[in-house]
Amino acid sequence: MQPIVIRPKNSTELRFINDLLGRLGIRSDELPEEVYEDIGLAMLMREADTNEKVSEDEIMRKLKG
């Protein structure tokens, strides 16, 4: 089964969701914000077009601004 990510608006909502999941017998874990960001980056990387080649010069121009 695939995991889902839920971002509650506040601590009250977080407690409510955790309580509900516990009553339903569904395991839940809280993730640090850095992990959430890493997941988002991984999803973007997975969707990236890996067929297109870009020169090193073009990359450096983009990085410099």
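With contributions of -39500 (n - 2.57) from each DSSP H run of at least four residues, the per-residue ellipticity at 222 nm computed over the chain stands at -18500 deg cm²/dmol. For the chain, a crude dipole built from +1 on the beta carbon of Lys and Arg and -1 on the beta carbon of Asp and Glu, taken about the Cα centre, is about 260 debye to the nearest 20. Within the straight-line cut-off of under 15 Å between alpha carbons, the aspartates and glutamates reachable from LYS64 are GLU56, sequence neighbours fewer than 8 places apart in one chain being disregarded.
Helix by helix through the chain, keep the DSSP H runs that span 18 Å or more along the axis on Cα and average at least -1.0 on Kyte-Doolittle, and give those back in order. Span-like helices here: 11-24, 33-47. Radius of gyration (Cα atoms) of the chain, expressed as a multiple of 2.2 N^0.38 Å: 1.76.
No value in this document is a laboratory result; all are computed from the given coordinates. Note that this is a predicted model, so its numbers are computed, not measured. We place every Cβ from the backbone using ideal geometry, glycine too, and count neighbours over all the protein chains shown.
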